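The values are calculated or read from the model by the stated rules, or taken from the named source; none is laboratory data. Small disclaimer: the values here were computed from a predicted structure and weren't measured. Ideal geometry is used to build each Cβ from the backbone, glycine not excepted, and the neighbour counts take in all protein chains shown. Accessible surface is based on the protein model in full, side chains and every heavy atom, while ligands, DNA and RNA are left aside. Shrake-Rupley method; radii C 1.70, N 1.55, O 1.52, S 1.80 Å.
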Amino acid sequence: MDDFRPFERMALIGLGLIGSSLGWVARRETLAKEIVGCARTEATREKALELGFIDRASPDPAACVEGADLVILCVPLGVNAAIAAAMKGALAAAAIVTDVGSVKKAVIRDVAPHIPEGVHFVPGHPVAGTEHSGPEAGFAELFEGRWCILTPPPGTDEDAVKRLSAFWRAAGSTVEIMEAEHHDLVLAITSHLPHLIAYNIVGTAADLEEVTRQEVFKYAAGGFRDFTRIAASDPVMWRDIFMNNREAVLEMLGRFIEDLTALQRTIRWDDAEALEALFRRTREIRRGVVEARQA
Ligand code: NAP
């Protein structure tokens, strides 16, 4: 196992689901000796202090990162560039700056230009989450048994990557290193497209005229309810994911629409055999997910 060394001061920029979960697990496993938190609203900062997963809070990213040897950006993707610009002058020499954003190429585009010489930027993405947000949504076990993907750009300091990997392992995750572009393509099909489909089907059901909204709620257990859970995910976070992973999502969406059209034809032509063959194949995929303990 790693010989993990706790960080002296961890700065969490953003105190929502992911920021608070990191705070809790850092407390439980002593991943950092001190935790400083930054959020724009006073209500969030007060709540985080009251719950106790941070030691100090500030609305100012620069004040928050002062003296920190680990800085983790846990804000919606669209905010990263402004935060990185605001904190750059205050970053400590040799600090590790990382993030948890669900898209990686865009984070590198937005944050890397603001990272001073001698500070190590190692982008990351814990593939773990729920449909809840805010400082009260977090819990220490969120990352347990989940993957954390790090996407260090070429030339990133290897010791920084090792130290951050050890941090995530101590938080319960399994770490994988990947190129940012590949990450964005993989997540487009495994996470972004499923969310888009859920948002779409729930929107369609809400707009139907022949079936009443009451009936949609009443019979939701027929499958619809699982989509409503996904479609309840944070609107700002998901807006930013689609705005920042356009190419990969559009590529996967193209494939999806093609396959859906083929499926439409299968039903129209009464091709029972083809339908059953597909459903048998997809049932196997579910087994694979269960066996990989990601169910
Ligand atoms: P969240 O619960 O909505 O929390 C977002 C935090 O960011 C809040 O503390 C919010 O502060 C702060 N924030 C928002 N806009 C800001 C601004 N303009 N300036 C400063 N702070 C701002 O979000 P989350 O679910 O933790 O997601 C955070 C990141 O994690 C996203 O980039 C997302 O892609 C990634 N991620 C999410 C999941 C998931 O399932 N949720 C999974 C993996 C990765 P206030 O409360 O003061 O507004």
Residue satisfying condition, being at pLDDT 95 or above and exposed (fewer than 11 other Cβ atoms within 10 Å of the Cβ), within set Glu258, Glu179, Glu251, Glu210: Glu258
Pairs where the first residue, in segment 256-273, is over 17 Å from Leu196 (Cα atoms) and the second is in a helix (DSSP H, G or I), C-beta under 6 Å, 6+ apart: Thr266/Ala274; Thr266/Leu275
Inter-residue pairs, beta-carbon under 6 Å, first acidic (Asp, Glu) and in segment 101-120, second crowded, with 22+ Cβ neighbours inside 10 Å, 6+ apart: Asp110/Asn80
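Could you tell me whether Ala11 is modelled with pLDDT of 95 or more, within 15 Å of the ligand (Cβ to nearest atom) and of a type in the set (Gly, Ala, Ser)? Please lay out each step first, then the result.
Working: modelled with pLDDT of 95 or more: yes; within 15 Å of the ligand (Cβ to nearest atom): yes; of a type in the set (Gly, Ala, Ser): yes.
Criteria met by Ala11.
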Pairs where the first residue, in segment 277-290, is not assigned by TED's automatic domain parsing to the domain that holds Leu263 and the second is exposed (fewer than 10 other Cβ atoms within 10 Å of the Cβ) and part of a helix (DSSP H, G or I), C-beta under 7 Å, 6+ apart: none
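A quick yes/no check of all residues on (1) loosely packed, with under 15 Cβ neighbours inside 10 Å; (2) assigned to a strand (DSSP E or B); (3) modelled with pLDDT of 95 or more; (4) more than 15 Å from the ligand (Cβ to nearest atom):
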residue: Ala106; (1), (2), (3), (4): no, no, yes, no
residue: Arg109; (1), (2), (3), (4): yes, no, yes, no
residue: Ala112; (1), (2), (3), (4): yes, no, yes, yes
residue: Pro116; (1), (2), (3), (4): yes, no, yes, yes
residue: His132; (1), (2), (3), (4): yes, no, no, no
residue: Pro135; (1), (2), (3), (4): no, no, yes, no
residue: Gly138; (1), (2), (3), (4): no, no, yes, no
residue: Phe143; (1), (2), (3), (4): no, no, yes, no
Residue that is in contact with an Asp or Glu (Cβ under 8 Å, 6 or more places away or on another chain), more than 30 Å from Ala248 (Cα to Cα) and of a type in the set (D, E, K, R), where the choices are Arg5, Arg9: Arg9
Residue in segment 225-239 that is over 25 Å from Val103 (Cα atoms) and outside any loop (DSSP other than H, G, I, E, B) present: yes
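Evaluate the following for Arg268: is it within 24 Å of the chain's Cα centre (by Cα) and surrounded by fewer than 13 Cβ atoms within 10 Å (Cβ to Cβ)? Steps first, answer last, please.
Working: within 24 Å of the chain's Cα centre (by Cα): no; surrounded by fewer than 13 Cβ atoms within 10 Å (Cβ to Cβ): yes.
Judged against the criteria, Arg268 is not a match.
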Odd one out for Arg5, checked against (1) more than 8 Å from the ligand (Cβ to nearest atom); (2) open to solvent by less than 20 Å² (accessible area, probe 1.4 Å): (2)
Residue tally, condition assigned to a helix (DSSP H, G or I) and not charged (D, E, K, R), over segment 145-178: 8
Residue match in segment 79-96 (condition: over 26 Å from Glu179 (Cβ atoms), buried (at least 17 other Cβ atoms within 10 Å of the Cβ) and not hydrophobic (A, V, I, L, M, F, W, C)): no
Residues located in segment 214-248, provided they are open to solvent by 80 Å² or more (accessible area, probe 1.4 Å) and either in contact (Cβ under 8 Å) with a residue 24 or more places away in the chain or within 27 Å of the chain's Cα centre (by Cα) (or both): Arg225, Asp226, Arg229, Pro235, Arg239, Met243, Arg246, Glu247
